[in-house]
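The values are calculated or read from the model by the stated rules, or taken from the named source; none is laboratory data. Note that the structure is a prediction, hence the values are computed from the model and not measured. So basically every Cβ, Gly included, is an ideal-geometry build from the backbone, and we count neighbours across all protein chains shown.
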């Protein structure tokens with residue numbers, strides 16, 4: 001079943017990772033369909049290119065670029081403040097991710113993959129929920145790795161201080177996003193359906209490769225040319241979720257295949273645990289910041 005508002009046009013769609021790869025293609029695609037796309041990205045140069053290309057396609061004014069560092073709490077708050085100027089939003093597509101070959105700690109003290117790939121999605125999903133709830137047919141689409149069972153949540157070392165590996169960090173954040181979807185759907189799914197979507201290997205933009213080592217970058221480029229699907233095919237289901245949001249509170253799709261919600265990586269008790277841990281982590285950081293501001 002699909003939402004009864006499927007034929008509505010002129011939506012406002014927020015897209016993180018919106019200036020490169022799948023996010024860029026989605027922003028241009030939504031604008032071409034008559035929607036207003038708010039593309040969030042970390043590179044002003046890529047954002048300027050997106051806006052220039054949109055103008056050349058006759059889509060000027062339909063795409064808005066917001067530069068933000070989503071690996072930081074302040075960067076996410078800036079996005080919430082900016083998007084909050086809109087009366088409501090119809091869709092939130094969460095796609096920002098940037099692998100790091102070495103462990104990097106953000107200004108907030110979080111491991112960067114955990115911060116960008118997972119925490120930003122937690123903050124934006126919760127923070128934009130009031131605006132999404134006002135739309136007639138809203139949806140959140142979290143583009144991650146649902147369906148995969150590799151990797152785990154390192155409950156005793158979420159910031160991977162003792163065991164950092166780029167693959168371990170990516171897999172942990174992917175599993176965290178699975179649980180985020182479960183927790184969000186349990187709490188808000190009756191108003192705003194949540195979709196976990198794994199597109200599979202895709203020819204995404206240069207930004208996905210620029211932070212890996214040169215040998216790995218070359219390997220990814222070769223593999224993408226041989227085996228990866230084109231971006232337009234990868235984002236086609238996202239267009240469908242936006243135009244016809246599922247009626248179920250939670251939908252999980254792995255490369256066009258529905259994922260059973262009983263999968264071990266979608267365990268509700270683990271989702272509630274991670275939700276509580278994350279809320280405490282963020283509260284502690286905000287409290288520490290407030291104390292620091294008062295001391296200054």
Inset, instruction - Looking only at segment 114-126, decide whether some residue is touching a strand residue (DSSP E or B) at 6+ places or on another chain (Cβ under 9 Å) and free of Cβ contacts under 8 Å to residues at least 40 places away in the same chain. - result: no
Inset, instruction - Evaluate segment 83-92: report whether one residue or more is part of a helix (DSSP H, G or I) and exposed (fewer than 15 other Cβ atoms within 10 Å of the Cβ). - result: no
Legend entry - Given (1) surrounded by 13 or more Cβ atoms within 10 Å (Cβ to Cβ); (2) at pLDDT below 95, number of the condition residue 214 does not satisfy: (1)
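Among the residues of segment 226-263, what is the count of those that are in a strand (DSSP E or B), at pLDDT 95 or above and surrounded by fewer than 16 Cβ atoms within 10 Å (Cβ to Cβ)?
First, the residues of segment 226-263 that are in a strand (DSSP E or B): 229, 246, 250-254, 257-258.
If we keep only those that are at pLDDT 95 or above too, we end up with 246, 250-254, 257-258.
With the extra rule that they be surrounded by fewer than 16 Cβ atoms within 10 Å (Cβ to Cβ), the set shrinks to 257-258.
Number of matching residues: 2.
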Inset, instruction - Only one of these is within 24 Å of residue 42 (Cβ to Cβ) and surrounded by fewer than 17 Cβ atoms within 10 Å (Cβ to Cβ): 168, 150, 176. Name it. - result: 168
